[in-house]
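Nothing in this text is a laboratory measurement; each read-out follows from the coordinates by a stated rule. Source: prediction; values computed, not measured. So basically every Cβ, Gly included, is an ideal-geometry build from the backbone, and we count neighbours across all protein chains shown.
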Amino acid sequence: MKTHVRVLVIGGGVVGVSTLYHLARKGWTDIALIERSELTAGSTWHAAGLLPLFNMSYTVGQLHKYSVDLYKRLPAETGQDVSFHVTGNLRLATNRDRMDEYQKYCGTANTIGVPFEVITPARVKELWPLIELGGSPETPAIIGALYHPHDGHIAPADLTMALRKGARAAGAEIYEHTEATAFERTPAGEWKVRTTQGDIVAQHIVLATGNYARQVGKLLGLNVPAIPVEHQYIVYDESPELMAYRKAGGRELAVLRESDKSYYLREERMGWILGPYEKGAPARFADGVPDWFGRSLFPGDLDRLVPHVEAATRRVPALENCGIKDIVNGPISYTPDGSPLIGPAWGVPNVWLNEGHSFGITAAGGSGWQLAEWIVEGEPGIDMLAVDPRRFGAYTSKRYVVQKNEETYRNVFTIHYPDEERADGRPAKTSPVYDKLNARGAVWGQRYGWERANWFAPAGVERKDRWSFRRTNYFEHVGNEARLMRERVGVIDLTPFTKHEVTGPGAEGWLDSLVANKVPSRIGRMALSHALTRRGGIRSEFTITRIAAEHFYVVSAGAAERYDGDYLEKALPADGSVGLRNITNTRGTFVLAGPKSREVLAQLTDSPLDNASFPWLTAQVIEAGLAVDVYALRVNFVGALGWELHFPIEYAQGLFDALFEAGKPHGIGMVGMRAMESLRMEKSYRMWGSDLTPDYTPFEASLDRFVRMSKGPFIGREALEKQLEAGVPNRFVTLEVHGVTDADPLGNEPLFDAGGRMVGRATSGYYGHCLQKSLAIGYVRTEHAEPGTRLGIQILGERKQATVLRESPYDPENLDLRA
Ligand SMILES: Cc1cc2nc3c(=O)[nH]c(=O)nc-3n(C[C@H](O)[C@H](O)[C@H](O)COP(=O)(O)OP(=O)(O)OC[C@H]3O[C@@H](n4cnc5c(N)ncnc54)[C@H](O)[C@@H]3O)c2cc1C
């Protein structure tokens, strides 16, 4: 056994072995993998082997696509068959919302190049002759289906062995019956991993421990939000009808998913495998996997299976005539949002996670590919935000993760509406004015554990979302909130913002080296600044305000607390010249905006608020009502005259009441996140995470004015220089979409030129309530970015016309902001 390696992968399931394979393929061959038992002994050996390309996430969709392509190549490359049955994959729809979901997915599939077909019931019957098309209340009529012709199922153990062969051929080593039991940092900054077979020192460690993620994470001080849930499938005996069909020359049937009844069905040795996602499946091993579990399974729970068996038997009557051979009930790793954890761990250097996989057979190829890229190149090749382990924060308590994971599991097949807000694990984190907003009719959503008011139901209106892919019950109320902000004055509670304090003699120089913009040199100035990847993509967006000579206030998205905090912390200079403090939970934030906002705030403060004393894009430390030490920033995300008030959190309730008291004569009201979305779209304001991602540089995002190429070195500068030389390939655009009746763009819609060629993608969209226009923002090839260009946009299966608008269709001169 080697005692020193460059990378040590811990865990010999399909995910760990794929990571090893991809590291080796990238030329890092001084690497090893340890497995406490035998390869595949975790969840991999009993997986059903399905490889669904379908995924609503732009990132996960790309990982799955890579996997399916890789698995097809592997046998030729390694000489090891992987039993990949390219049967195709059929997802049934029995109602319009489900069809909308598929059509929404088709937009994502188009933008990442996954081939699919939306097919008619007749074609379903043609592809799947043993199916009942239905038409009764119990078995509703199939109205269409989504068909992926190129995926299917695979033998997970064979796949793992092929990856092992590929990794070993390139020089990687694998040690079975070797368990990692403790971790220590060496004085040289490497990791000494204690194992049951002796110590191994490694520069990098990768945790790919499946069901053991929490207990292995704990050894490193990490609270990994991955807890498995029970998942079962039934293996049926041979089916006479299936045998007859195959004997008559029928091809292997596509994997069938009746999403509305929450099960999948595939052929298995002339019989069937039926896998439901049931209600009531319990989370397991929240406190660790007991020693006795090993390669075991749980006893089958027939009661949970019965409703799905009955539904499947009605849809495929052939099931009635075959007996049950076996029930497989195993732990399947889950995370609170159902996506895996792929990328760096937080707070510890050179520790990488490839954990939390619920579709690990499907995701193993893609996750290994991108994690290897990240370790070797320093960053991934695609936008990995949706799977970055740091998208979760310290709020992921055991009970939160258990509740969320059970909820995510039972909702695998429910319709994923773009505005869905699930109920479990809530409320976790609330702003101090939570009760006050409740009293004003808040309809809540949750992000990063925080309760956020999406909209406010006026008196007499039901406080409930009717989720939809189309305009729905809250449309009118969101419109009223948006107009309130544009015409009078509104308040948005943005307490969840991530807030850091950066201090010390080295603060300015250090911040300057991290972002593309110039850090403000004068006290009271602020700068919208972007931290870039080395490839020049946008990794973070910070509003940096200079509070004092050596004191900067750095604000970023609420969901980026750990993502940005970890980045800043790891980038700190070693000489102690910079102090960094996360003050997210010590300051609250209210946005006070609208033409009357000056008059409202003036009643609470003696600080002059006129344009000469307090110009747009400046900040002052003021008193407001009874609150002291309020950072008032004359900036906002809605494009109105106004201030963001960042105050010591203990003043939240008093300040809130004072604002509403002062605002009463002006008709002040609360504004929720959805109205903010509408308002920011009208101003072409880009949102970090959806519009600003590592996939695009600030030049592509048309944020040229926030890049100071002349200021000296910063991360990403060289890549930007190269891009300027070569020409910027894409440009950010704002689009008006014509002819929309009830389905506005929401992001991930493909954009087409006049000839029907795909030339870009929308990254966000919403109805602009004040402009009364359906709007989208996104990226197109540069030659299509001129205002006035006509493009096509595909929304829920319909091709609509769109026109590129001049940036900021509402108030392009920013007159409101400067008022
Ligand atoms: C019933 C069922 C059906 C499924 N069907 C599908 C499907 O059809 N398609 C699909 O994509 N996914 C499916 N899955 C999910 C899939 O099985 C998992 O996502 C996948 O196997 C995860 O692989 P992994 O490598 O992350 O974890 P695992 O396979 O669990 O491997 C982790 C390994 O780490 C080892 N380990 C843990 N701690 C240590 C340590 N300290 N030192 C050394 N080694 C350690 C373990 O022994 C284990 O071998 C299914 C799951 C279940 C339960």
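With a bin width of 10 angstrom, please list the P(r) values of region 356-489 as percents of all Cα-Cα pairs, from the 0 bin to the one holding the largest distance.
Per 10 Å bin, starting at 0, the Cα pair percentages come out as 10, 29, 31, 20, 10, 1.
Can you check what the net charge comes to around D30, using other residues whose Cβ is under 11 Å from the Cβ of D30 (Lys, Arg +1; Asp, Glu -1)?
Details: positive: K2, R6; negative: E173.
Summing Lys and Arg as +1 and Asp and Glu as -1 gives +1.
Could you derive backbone 3J(HN,Hα) for region 279-288 from the dihedral phi with the Karplus parameters 6.51, -1.76 and 1.60 (θ = phi - 60°), listing whole Hz in sequence and x where the residue is Gly or Pro?
Along region 279-288, the couplings run 7, x, 5, x, 5, 10, 6, 4, 9, x Hz.
How much length, in nm to one decimal, is gained on full extension between E718 and R269, taken as 0.36 nm per residue of separation minus their Cα-Cα distance? Provide the component values of the computation, followed by the final result.
Working: separation 449, 0.36 × 449 = 161.64 nm, distance 5.62 nm.
Residue separation times 0.36 nm, minus the Cα-Cα distance, leaves 156.0 nm.
Where a ≥ b ≥ c are the square roots of the eigenvalues of the C-alpha gyration tensor, would you call region 258-370 rounded, which needs a/c under 1.5, or, failing that, prolate if a/b is larger than b/c, or oblate?
Prolate, since a/c reaches 1.5 and a/b exceeds b/c.
Say R0 is 22 Å: what FRET efficiency, to the nearest 0.05, do E238 and E320 get from their beta-carbon distance?
It comes out at approximately 0.95.
Under 13 Å from the Cβ of V519, count the other residues' Cβ atoms, weight Lys and Arg +1, Asp and Glu -1, and hand me the total. Numbers along the way, then the final one.
Values: positive: K518, R522, R525, R546, R708, K711; negative: E508, D512, E550.
Every neighbour counted, the sum reads +3.
Hey, got the dipole for region 519-562? About the Cα centre, +1 on K and R Cβ, -1 on D and E Cβ, debye to the nearest 20?
180
Which shape class applies to region 584-684: rounded if a/c is under 1.5, otherwise prolate when a/b exceeds b/c and oblate if not, where a ≥ b ≥ c are the square roots of the Cα gyration tensor eigenvalues?
Working: a/c = 1.34, a/b = 1.23, b/c = 1.09.
Judged from the Cα gyration tensor, region 584-684 comes out rounded (a/c under 1.5).
Which of the lysines could be linked to K125 by a straight reach, that is with a Cα gap under 22 Å, when you skip same-chain ones fewer than 8 residues away?
Straight-distance partners of K125: K247, K261.
For G152, what is the net charge nearby, where nearby means another residue's Cβ is under 9 Å from its Cβ and Lys, Arg count +1, Asp, Glu -1?
-1
Whole-Hz Karplus ³J(HN,Hα) for region 109-116, in order, using 6.51 cos²θ - 1.76 cosθ + 1.60 and θ = phi - 60°, x for Gly and Pro?
With coefficients 6.51, -1.76 and 1.60, one gets 4, 4, 6, 10, x, 8, x, 7 Hz.
Residue by residue through region 457-474, which ³J(HN,Hα) values in whole Hz follow from phi under the Karplus form 6.51 cos²θ - 1.76 cosθ + 1.60 (θ = phi - 60°), with glycine and proline marked x?
7, x, 3, x, 9, 4, 8, 7, 7, 9, 4, 6, 8, 10, 4, 9, 4, 8
Quickly estimate the mean residue ellipticity at 222 nm for the chain, helices only: each DSSP H run with n ≥ 4 gives -39500 (n - 2.57), and the total goes over all residues, rounded to 500.
Numbers: 19 runs with 211 residues, N = 819.
Estimated from H runs of four or more residues: -8000 deg cm²/dmol.
Quick one: compute a quarter of the convex hull surface over the Cα atoms of region 452-519 and quote it in nm². Spell out each step's value before the answer.
Details: hull surface 32.6 nm².
Across all orientations, region 452-519 yields a mean hull projection of 8.2 nm².
Using the crude model of +1 on Lys and Arg Cβ and -1 on Asp and Glu Cβ, and no other charge, please compute the dipole size for region 655-729 relative to its Cα centre, in debye to 20.
180
Expressed as a fraction of 2.2 N^0.38 Å, the rule-of-thumb size for a compact globular protein of N residues, what is the C-alpha radius of gyration of region 1-81?
In units of the 2.2 N^0.38 Å rule of thumb, it is 1.23.
Would region 179-311 count as rounded, prolate or oblate if I go by the C-alpha gyration tensor, calling it rounded below 1.5 in a/c and otherwise prolate when a/b exceeds b/c, oblate otherwise?
Numbers: a/c = 3.27, a/b = 2.33, b/c = 1.40.
Because a/c hits 1.5 or more and a/b exceeds b/c, region 179-311 counts as prolate.
Exceeding 27 Å between C-alpha atoms, which entries from my cross-link table qualify? They are K192/K570; K26/K711; K499/K683; K2/K165; K218/K404; K596/K773.
Values: K192/K570 20 Å; K26/K711 35 Å; K499/K683 24 Å; K2/K165 19 Å; K218/K404 20 Å; K596/K773 25 Å.
In this structure, K26/K711 exceed 27 Å between Cα atoms.
Quick check for you: which residues of region 610-652 have the amide N under 11 Å from the point 7 Å beyond the Cα of A602 toward its beta carbon?
Under 11 Å, as judged by backbone N against the label point of A602, lie 610-611 of region 610-652.
Between A726 and Q801, what is 0.36 nm times their sequence separation minus the Cα-Cα distance? Round to one decimal in nm.
Extending this stretch completely gives an extra 23.9 nm.
If r is the Cβ-Cβ distance from D69 to M758 and R0 is 22 Å, what FRET efficiency results, to the nearest 0.05?
Given R0 = 22 Å and the Cβ-Cβ separation, E is 0.70.
Under a point-charge model restricted to the Cβ atoms of Lys and Arg (+1) and Asp and Glu (-1), what is the dipole moment magnitude of the chain relative to its Cα centre, in debye to the nearest 20?
For this selection, approximately 640 debye.
For the chain, build the charge dipole from Cβ charges (+1 Lys, Arg; -1 Asp, Glu) around the Cα centre, then report which of H784, A652, L159 sits farthest towards its positive end.
In the chain, that residue is H784.
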